[in-house]
Amino acid sequence: MLGLKLPTDPRWVNIAEKNISDILTDHAFCEQKACSNAISIIVLFPELSGMVKELMQIAQEELDHFKQVHDKLTERGFVMGRERKDEYVNELYSFVRKGHVRDIMLVDRLLFSAMIEARSCERFKILSENIKDPDLAAFYHELMISEAGHYTTFLKLAKENAKGQDVDKRWQEFLDFEGKIIEKYGKKQTMHG
């Protein structure tokens, strides 16, 4: 369903399990950024009322996920660490076309968002199926389902707002680009790293 060109090596879970505090901290910041991303698209395109309504729902869900991840941290006696630069997201963002007409920038921004949700969904699936902690396995299974919904919503919104653009072609370009950059990631105790 996701169409990712390169799957995450399942051994990434071993890195995650050895660094639960780091993974949960990084994950919390990912959820906070996902909320901010949805809000920033709303701010840039407030006239698209139907899209705004759907993005408000996503922003609320991402903020709730942030709270849930933070709760997992504190339940385990951890304190949320400092935010680290998300090199994967920054590199993926470099593929977003900027300085074009609004319609092109909107479609790219929505596809960028869909790509992050797709990779997060895939990582959550790997965690839910392989992590030894039953509580976190169930937690990540639930989040995987939610991320899949966000992924499909962003793709749908890109198609609804395409105004003649070939969204499927551009999505394939995103998948190809992400497939090349993801080769460098999956070796650190971060959600995308």
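Here each label is just a point 7 Å from Cα along the line to Cβ, and for Lys53 and Glu183 those points are 4.5 nm apart. Would you mind checking the tilt of helix 102-130 against the longest principal axis of the Cα atoms of the chain, expressed as 0 to 90 degrees and rounded to 10? So the inclination is approximately 20 degrees. Model label points for Asp9 and Arg76, set 7 angstrom from Cα along the Cα-to-Cβ axis, are 2.2 nm apart. The simple Förster model, with R0 at 35 Å and r as the Cβ-Cβ distance, assigns Lys85 and Asn130 a FRET efficiency of 0.85. Rounded to the nearest Hz, the phi-derived 3J(HN,Hα) couplings of region 6-16 under the Karplus curve 6.51 cos²θ - 1.76 cosθ + 1.60 (θ = phi - 60°) are 9, x, 5, 5, x, 5, 4, 4, 4, 5, 4, where x marks glycine and proline. With 23 Å as the limit on Cα-Cα distance, the pairs of Lys132/Lys180; Lys33/Lys125; Lys159/Lys188; Lys5/Lys159; Lys85/Lys169; Lys18/Lys187 that go past it are Lys132/Lys180; Lys159/Lys188; Lys85/Lys169. Contact order for region 35-191, expressed relative to its length and based on alpha carbon pairs under 8 Å spaced 6+ residues apart, stands at 23 percent.
Using the rule -39500 (n - 2.57) for each DSSP H run of four or more residues, divided by the residues of the chain, the 222 nm mean residue ellipticity is -24500 deg cm²/dmol. For region 1-155, the alpha-carbon coordinates run over 47, 31, 26 Å along the three principal axes, in decreasing order.
Relative to the longest principal axis of the Cα atoms of the chain, helix 167-181 runs at roughly 40 degrees. Each residue of region 144-155 is assigned a 3J(HN,Hα), and the resulting list reads 4, 4, 5, 5, 4, x, 5, 4, 5, 5, 4, 5 Hz, derived from the Karplus form 6.51 cos²θ - 1.76 cosθ + 1.60 (θ = phi - 60°), x at Gly and Pro. Quick one: angle between helix 49-75 and the longest Cα principal axis of the chain, in degrees between 0 and 90, rounded to 10, please. It works out to around 10 degrees. Peptide packing: for 48-56, 78-86, the average count of neighbouring Cβ atoms within 10 Å per residue gives the ranking 48-56, 78-86, highest mean first.
Suppose a student asked you for the relative contact order of region 121-193, using Cα pairs under 8 Å spaced at least 6 residues apart; what percent would you report? Value for region 121-193: 21 percent. What the Cα convex hull of region 40-84 gives, in volume per residue, is 66 Å³.
Every read-out reported here was derived from the displayed coordinates using simple, explicitly stated rules and does not represent laboratory data. The structure displayed is predicted, hence computed values, not measured ones. We place every Cβ from the backbone using ideal geometry, glycine too, and count neighbours over all the protein chains shown.
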